[in-house]
Amino acid sequence: MEKAIFVLNGPNLNLLGTREPEIYGTDTLADVEAACLALAERLGLKLVFRQSNSEGQLVDWLQEAREHGAGVLLNAGALTHTSLAIYDAIKAMSIPVIEIHLSNPLRREAFRHHSYVGMAATGTIAGFGLHSYVLGIEALSKKLSVKS
């Protein structure tokens, strides 16, 4: 079975489209998923798309991706700035992990400027709304084709 790209979303991302649209835009998580699936299909990639409000669930999915994934796009939401457990899970991985943000955390509150995810990730894409995910899939696709 072909390994998949895991697109993992953290707390409150299920509220996209209605939660602070002036920051996160009006696209819903379903819109993000549809865009990711359409691009993955065009690129010939298998994609697993998930969201949880639970830190432990995200760690479990990262560990699953470690075994069964080709790469990960991770928007850990607020856990980006607080979770050593997610940091440790990423550090245990040998596949690429790209940190994704809809907004640009560096243009926001000071507590959002520190990223445990970013400290462990292969790279970060932020500030492009839904298109951050598209750019992330494209980056992973290129990175994976170089390894092959």
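Taking all Cα pairs closer than 8 Å and separated by 6 or more residues, the relative contact order of segment 9-126 comes to 25 percent.
Converting phi to 3J(HN,Hα) with the Karplus coefficients 6.51, -1.76 and 1.60 and the offset θ = phi - 60°, segment 5-18 yields 8, 8, 10, 10, 10, x, x, 6, 6, 5, 9, 4, x, 10 Hz in sequence order, with x at every glycine or proline. Once backbone amide H atoms are built at 1.01 Å from N, PHE49 has VAL7 as its partners under 5 Å, excluding neighbours fewer than 5 places away on the same chain. Which far-off residues, 5 or more places away or on another chain, put their amide H under 5 Å from the one on LEU16, with H placed in the peptide plane? Result for LEU16 returns LEU29. What's the longest uninterrupted piece of the chain once you rule out the GluC sites (Glu not before Pro) that are loop residues per DSSP with at most 16 other Cβ within 10 Å? The segment 3-108 is the longest one with no such site. With the simple spin-label model, which puts each label point 7 Å out from Cα in the Cβ direction, the ASP88 to ILE23 separation comes to 2.8 nm.
Taking a sphere under 11 Å around the Cβ of ALA40 and counting the other residues whose Cβ falls inside, with K and R at +1 and D and E at -1, yields a net charge of -1. Apply the a/c threshold of 1.5 to the C-alpha gyration tensor of the chain and tell me whether it is rounded, prolate or oblate. The shape class here is oblate.
Pick from LEU130, LEU37, LEU73 the residue whose mean-square fluctuation is largest in a GNM of the chain, springs joining Cα atoms under 10 Å. Checking each option, the largest mean-square fluctuation is seen for LEU37.
A short reminder: the numbers here are calculations on the coordinates, not readings from a lab. All figures in this text were calculated on a predicted structure; none of them were measured in a lab. Here Cβ is always computed from backbone atoms with ideal geometry, including for glycine, and neighbour counts include all displayed protein chains.
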